[in-house]
1. Just to check I understand the Karplus step: with θ = phi - 60° and J = 6.51 cos²θ - 1.76 cosθ + 1.60, what whole-Hz values come out for the stretch 331-348, glycine and proline as x?
2. Just for the chain, what percent of DSSP beta bridges are antiparallel, to the closest 5?
3. Which of (1) 79, 68, 40; (2) 60, 50, 42; (3) 60, 44, 34 is the computed Cα extents along the principal axes in Å for the structure on display?
4. If amide hydrogens are placed 1.01 Å from N in the peptide plane, which non-local residues have theirs closer than 5 Å to the one on GLY73?
5. Quick one: what are the phi-derived ³J(HN,Hα) couplings along the stretch 136-152, Karplus 6.51/-1.76/1.60 with θ = phi - 60°, whole Hz, x for glycine and proline?
6. For VAL63, enumerate residues with amide H under 5 Å from its amide H, sequence gap 5+ or separate chain, H modeled in the peptide plane.
7. For GLU169 and LEU47, calculate 0.36 nm times their separation in residues minus their Cα-Cα distance, and state this gained length in nm to one decimal.
8. When a/c reaches 1.5 or more, the comparison of a/b and b/c decides; with that in mind, is the stretch 26-180 rounded, prolate or oblate per its Cα gyration tensor?
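Read-outs: derived from the displayed coordinates by stated rules, not from any lab. This one's a predicted model, so the numbers in the text were calculated from it and none came from an experiment. A quick note on method: Cβ atoms are made from the backbone with ideal geometry, for glycine too, and the neighbour counts reach across all protein chains shown.
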Amino acid sequence: MKLNANDHRRHARRRLPRFAFDYVDGGAEDERCLRRNCDDLAALHLLPQVLRDTRNADPSITVFGQRWAMPCGIAPIGFSGLVRPHGDLLLARAAAAEGVPFVLSTASNDRLEAVREAGLARNPQAQQWLQLYVMSDRAIAEQLVRRARRAGFGALVLTVDVAVSGMRERDVRNGFKLPFRFTPSTLLDLALHPAWSLSMARQGRSPSFVNLSETEGGGDSAQLQAALLARSMDRTLVWEQLDWLRRLWDGPLILKGLLHPADAERAACSGVDAIVVSNHGGRQLDAAPSTISVLPRIVDAVAGRMPVFVDSGFRRGSDVVKALAAGATAAFVGRAAVWGMATGAEAGCRSVLATLRDEIARTMILVGADATADITARHLSGPSISEGGSLV
């Protein structure tokens, strides 16, 4: 029985070979940041207010003029085709059917045009954003942005916390890199997971980063594929060059990967439309703080000038409500969505999203909030909360 995201995680662990599960599940170095994300959320409590009229409790929000069914979306997930064939399509369909946004990763394994069509087939109002990595050859980013604009993606999410890849020791120990080489232990692992192995064999090819080239099947080299997996990015990209993206993209521009209030302040002054407080799910700097611990200071720095989203460590609807109480506009989930997709394809991912929506609505009622706007810092309690309701 799968009642929550962690139930899906346990089933995913049984279905996936170790290298695939560890790729999704793992973090950087000692994985302390990964654990802090969840532990710091768990340490926060929600303080209910009673005798409130919550008969019309509504978890929906409006962002950039569009309605979300709940203050939650699917974060960009690279190499989702490793979990199931056409994983990007499955995630996009699930998000569209559940009325929440889906952010497609640059490191996706399905063409962005196909992903857009898959979402629209489930919901004509499907909200899809493109996450952008800027590699040393900026022409790759430029063609991605042009195609996303033509396809009708609603926002561009520039990830800014990958100047160099975090040291993901699980992947190193598993020999997970491109081109992938099979070892005796890997072959045994595949034999012990026949359902996954058969699904990959039916696909007829290994997942690759198909959006690196403007044309389908275009000549993106093995070296370029490996560079994206290793997140070998353009380390000369600085604040002053955001105008380069603005010339290419006239829709909402979102910066993902901010943890410092000074960066949030600079983003607000640079004409950025929103930010995502993120430590990349604990996969980059292991010494980084949890996102929930820095969220209130970043919200204060932004001072209402733009939406502040957050990700990393969110597993329950109550976690999302805690983020709203700390000032976030919405929270994004990554691993939870992938675990659902691993266990049940599109239906499994929809199950995770529906559970999150139900948990958010139930938590709202229990804390006495009829709308997401009613959730404020007065609902937060815990050892790291000041008398004024902010995190310290």
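1. With coefficients 6.51, -1.76 and 1.60, one gets 10, 10, 10, x, 4, 4, 5, 5, 4, x, 5, 5, 8, x, 6, 4, 4, x Hz.
2. On the way: 7 of 33 bridges.
Bridges in the chain are about 20 percent antiparallel.
3. Identified label for the calculated read-out: (2).
4. ALA331, PHE332, VAL333
5. 4, 8, 5, 4, 5, 5, 5, 5, 4, 5, 4, 5, 4, 5, 5, 6, x
6. Result for VAL63 returns TRP68.
7. Numbers: separation 122, 0.36 × 122 = 43.92 nm, distance 3.88 nm.
Stretched out fully, the GLU169 to LEU47 stretch lengthens by 40.0 nm.
8. Values: a/c = 2.04, a/b = 1.18, b/c = 1.73.
Here the stretch 26-180 falls in the oblate category.
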